[in-house]
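Presented below is the structure to which this report refers.
Read-outs throughout are calculated quantities, based only on the coordinates presented, and are distinct from any laboratory measurement. Owing to the predicted nature of the structure, the values given are computational and were not obtained by experimental measurement. Using ideal geometry, Cβ is built from the backbone for each residue, glycine included, and neighbour counts are taken over all protein chains shown.
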Amino acid sequence: MWTSDSNKSYITVTCHFIFDDQLYSPVIATKDVSNRHTGQSIAATLTNIFNEWNIANKIITVVSDNGSNIKNAINEHLLKRHHPCVAHTLNLSINEAINGNSDINQILKKCRTIVGYFKHISKATEKLKDFHLQMNLPPLKVKQDVPTRWNSSFIMMERLVNIKAPLSATMSTLPRAPNYLNASEWEIILDCTHILKPFQIMTAKLSGEKYPTLSVVIGYTTY
């Protein structure tokens, strides 16, 4: 299930099957479920989709996020086997770890302020580009994160680490720039990127569409 920019809720069903030794993952339906999010209502919507495609008796398992309403729809109403999405479970665990650390959250807020400054002040962005060129580095821009998505915060921090030298030089020339990161904060950011990098790779691998992702779960989760 997902929510559009206009705040309407939808459920999308993707069907995974093998034909002629080739894995296929077509999207077979997207339905509006804005009215009710109960397990019974979701089950009714899914039943209509399954019947429309004549696949109700061909379903081996249903994979979804960990929402209680989805699990209720699949287990209690559709009486199908439910397999929680491993990537989603992993993301929930990492978000909980990050949100529970006040020091990391304060540093992330500081990073967002710096990134937001460069996103809105064109002169600062131009200076950052100039310092890249002076240091014979390919010009890179800052990356804005989405606070609810840890992987975007990882990408933001990783980019700051990659442009630390030109960024530091740029910030020193901007009198109205926000507070910069100190040495200990940079160390924490570097530690975070080293810790989160394997999880970023793992999440990407578990989200693949060209191969059966279940086969990589044990290898990655016991790493």
Q | Restraint check, 119/143; 71/205; 80/205; 71/210, Cα-Cα greater than 18 Å | A | 71/205; 80/205; 71/210
(Q) I need 15, 111 ordered by Cβ neighbour count within 10 Å, fewest first. (A) 15, 111
Q | Extension gain from residue 54 to residue 164, taking 0.36 nm per residue of separation minus the Cα-Cα distance | A | 34.0 nm
Q | Share antiparallel - DSSP beta bridges, the chain, percent rounded to 5 | A | 75 percent
Q. What number comes out for the charge environment of residue 106, summing +1 per Lys or Arg and -1 per Asp or Glu over other residues with Cβ under 12 Å away?
A. +1
Q: Grab the other residues whose beta carbon is less than 9 angstrom from that of residue 155, score K and R as +1, D and E as -1, and report the net.
A: 0
**Q.** Neighbour cut-off at most 13 other Cβ (10 Å), DSSP loop, trypsin sites (Lys or Arg not before Pro), the stretch 1-59
**A.** 8, 36, 58
**Q.** Residue-span extension gain [residue 210 to residue 146] - 0.36 nm each, minus C-alpha spacing
**A.** 20.3 nm
Q | Candidates per trypsin sites (Lys or Arg not before Pro) in the stretch 137-209, loop by DSSP, up to 10 other Cβ within 10 Å | A | 176
Q: Amide H neighbours of residue 63 under 5 Å, at least 5 residues apart or on other chains, H built in the peptide plane: list them.
A: 83
